[in-house]
Amino acid sequence: MRSLRIPLAVTAVAALVLAGCGTTSERTSGASPEASKSCKGADGKYTIGMSQANVAEPYRQRMDDDIRAAAKDVPQFDVKFADAAQDNAKQVADVENYITQQIDLLIISPNEAKPLTAVVKKAYDKGIPVIVLDRKVEGDAYTGFIGGDNVQIGSEAGKYVAEKLLPSGGNVVELKGLAGATPQAERHQGFMDAIKANPKIKVIADAGGDWLREKGQAQMDALLKANPKIDVVYAHNDPMAEGAYLAAKAVGREKEMKFIGIDALPIPSGGIKAVEQGRLSATFTYPTNGKEAIAAAKKILIDCGTVERSQILPTRLIDASNAAQIYAEENPTG
């Protein structure tokens, strides 16, 4: 925080008083030092820039859709969208463009952490509040992060494999997300830690599918040729799991193994339906964070308030026992 121009002794006393009486949320809030400059209250008009890593993944398209839907309820907001198409340089340029446009708040879901860190810090240092969604950047130059606990999600997937799918052990192949994206490393770490409880489970091969169904299918085709016995495919998202299923089906091996993924989008082409229809054994919900991002923007820009530095949203296992019910709950009008 910027120091006030008052005597040092007074500053020290004031700091002690604030530390003693402030609430935990106030002391740990992620408001940037200049965030209040963006707040003009309910009478203001605000331009929000949303920088998306890509829209080829259904999850990211749904994230954008959820942001649009939530923003419709806030007439003061005008949200602009940019698609980086999995290109770090393009996403850096997108954010630079938003900075030039002097947007009031930046929402970003980074393609990869390290390459986007500097430009996010640049926006933040210029007094633009920054909400980071789903994937993290390095350092702490942002206002707030909203996302799932990817280590926990990976751990839940590992437990499910160790306890439900392969209690007697077996061979697993892992289809990973984009290298450099924080969920990829965290979902791998959580899974590997959890399956240690069952030493008879072996991860015999892995490959990078970059979150995309087509690439997951191509990688799985190669894995099938190299590995005659595969019992479970653990994919870091549902599209790659579906791609793996299609590759196995193409060579008549889909019944030899189980497939699990992550995202659980409640749409006809999403993971919940894939479980309900029997292609996937399980998926784990991964909230898009869109509604929460607009709520955070409203709190900063209209309410002149602060937001949590880190808002972690819960996951949920979806398997054959609850897929139909959850899909119906998420789509009450059909």
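Check whether at least one residue in region 79-98 is closer than 20 Å to Asp303 by Cα, open to solvent by less than 50 Å² (accessible area, probe 1.4 Å) and modelled with pLDDT of 95 or more, and report yes or no. Lay out the reasoning, then the answer.
We begin by selecting, within region 79-98, every residue closer than 20 Å to Asp303 by Cα; these are 79.
Going one step further and asking which of them are open to solvent by less than 50 Å² (accessible area, probe 1.4 Å), we end up with 79.
Of the ones still in play, those that are also modelled with pLDDT of 95 or more are 79.
Within region 79-98, one or more residues are closer than 20 Å to Asp303 by Cα, open to solvent by less than 50 Å² (accessible area, probe 1.4 Å) and modelled with pLDDT of 95 or more.
Please enumerate the residues belonging to region 245-263 that are outside any strand (DSSP E or B) and touching a residue at least 60 places away in the same chain (Cβ under 8 Å).
Step one: filter region 245-263 for residues outside any strand (DSSP E or B), giving 245-257.
Correct list: empty.
For region 107-123, which positions are of a type outside the set (Asp, Glu) and in contact (Cβ under 8 Å) with a residue 40 or more places away in the chain?
Ile107, Ile108, Ser109, Pro110, Asn111, Ala113, Lys114, Pro115 - these are the residues of region 107-123 that are of a type outside the set (Asp, Glu) and in contact (Cβ under 8 Å) with a residue 40 or more places away in the chain.
Please verify whether region 189-209 includes one or more residues that are open to solvent by 50 Å² or more (accessible area, probe 1.4 Å) and under 15 Å from the mean Cα position of the chain (by Cα).
Here is the first cut: in region 189-209, the ones open to solvent by 50 Å² or more (accessible area, probe 1.4 Å) are 189, 192-193, 196-197, 199-200, 202, 204, 206.
Still in the running and under 15 Å from the mean Cα position of the chain (by Cα): none.
Scanning region 189-209, I find no residue that is open to solvent by 50 Å² or more (accessible area, probe 1.4 Å) and under 15 Å from the mean Cα position of the chain (by Cα), so the answer is no.
Which ones in region 40-58 are of a type in the set (Lys, Arg) and either in contact (Cβ under 8 Å) with a residue 60 or more places away in the chain or open to solvent by less than 10 Å² (accessible area, probe 1.4 Å) (or both)?
First, pick out the residues of region 40-58 that are of a type in the set (Lys, Arg): 40, 45.
Lys40 - this is the single residue of region 40-58 that is of a type in the set (Lys, Arg) and either in contact (Cβ under 8 Å) with a residue 60 or more places away in the chain or open to solvent by less than 10 Å² (accessible area, probe 1.4 Å) (or both).
For residues that are more than 19 Å from Asn150 (Cα to Cα), touching a residue at least 40 places away in the same chain (Cβ under 8 Å) and part of a helix (DSSP H, G or I), tally how many sit in region 197-242.
Total meeting the criteria: 4.
Can you tell me which of (1) at pLDDT below 55; (2) within 22 Å of Ile128 (Cβ to Cβ); (3) touching a helix residue (DSSP H, G or I) at 6+ places or on another chain (Cβ under 9 Å) is the one Thr28 doesn't meet?
(3)
I'm trying to understand the selection: among the residues of region 123-143, which are of a type outside the set (Ser, Thr, Tyr), assigned to a helix (DSSP H, G or I) and crowded, with 16+ Cβ neighbours inside 10 Å? Outline the logic, then answer.
Residues of region 123-143 that are of a type outside the set (Ser, Thr, Tyr), as a first pass: 123, 125-141.
Narrowing the set further to residues that are assigned to a helix (DSSP H, G or I) leaves 123, 125.
Scanning region 123-143 gives a single hit, Ala123.
Scan region 158-171 and tell me whether some residue there is over 30 Å from Val232 (Cα atoms), part of a helix (DSSP H, G or I) and of a type in the set (A, V, I, L, M, F, W, C). Walk me through how you get there before you give the answer.
Narrowing region 158-171 to residues over 30 Å from Val232 (Cα atoms): none.
No: zero hits.
May I ask you to say which residue of Ala296, Ala324, Ala247 is more than 21 Å from Ala157 (Cα to Cα), in the same structural domain as Val172 (by the TED database) and open to solvent by less than 60 Å² (accessible area, probe 1.4 Å)?
Numbers: Ala296 fails: in the same structural domain as Val172 (by the TED database); Ala324 fails: more than 21 Å from Ala157 (Cα to Cα).
None of the other options fit; the residue is Ala247.
From Ala241, Ala226, which residue is of a type in the set (A, V, I, L, M) and surrounded by fewer than 16 Cβ atoms within 10 Å (Cβ to Cβ)?
Working: Ala241 fails: surrounded by fewer than 16 Cβ atoms within 10 Å (Cβ to Cβ).
Result: Ala226 is the single residue among Ala241, Ala226 that is of a type in the set (A, V, I, L, M) and surrounded by fewer than 16 Cβ atoms within 10 Å (Cβ to Cβ).
Which one of these is open to solvent by 20 Å² or more (accessible area, probe 1.4 Å), farther than 22 Å from Lys90 by Cα and over 17 Å from the mean Cα position of the chain (by Cα): Glu174, Glu156, Glu163? Write out each step before concluding.
On the way: Glu174 fails: open to solvent by 20 Å² or more (accessible area, probe 1.4 Å); Glu156 fails: over 17 Å from the mean Cα position of the chain (by Cα).
The conditions single out Glu163.
Within region 254-268, can one find any residue that is crowded, with 24+ Cβ neighbours inside 10 Å and either charged (D, E, K, R) or modelled with pLDDT under 95 (or both)?
Checked region 254-268: at least one residue is crowded, with 24+ Cβ neighbours inside 10 Å and either charged (D, E, K, R) or modelled with pLDDT under 95 (or both).
The values are calculated or read from the model by the stated rules, or taken from the named source; none is laboratory data. Treat the numbers as computed from the prediction; the structure is a model and nothing was measured. Positions of Cβ are backbone-derived with ideal geometry, glycine not excepted, and every protein chain shown enters the neighbour counts. Each accessible area value is taken on the protein alone, full model and side chains, heavy atoms only, with ligands, DNA and RNA left out. Shrake-Rupley method; radii C 1.70, N 1.55, O 1.52, S 1.80 Å.
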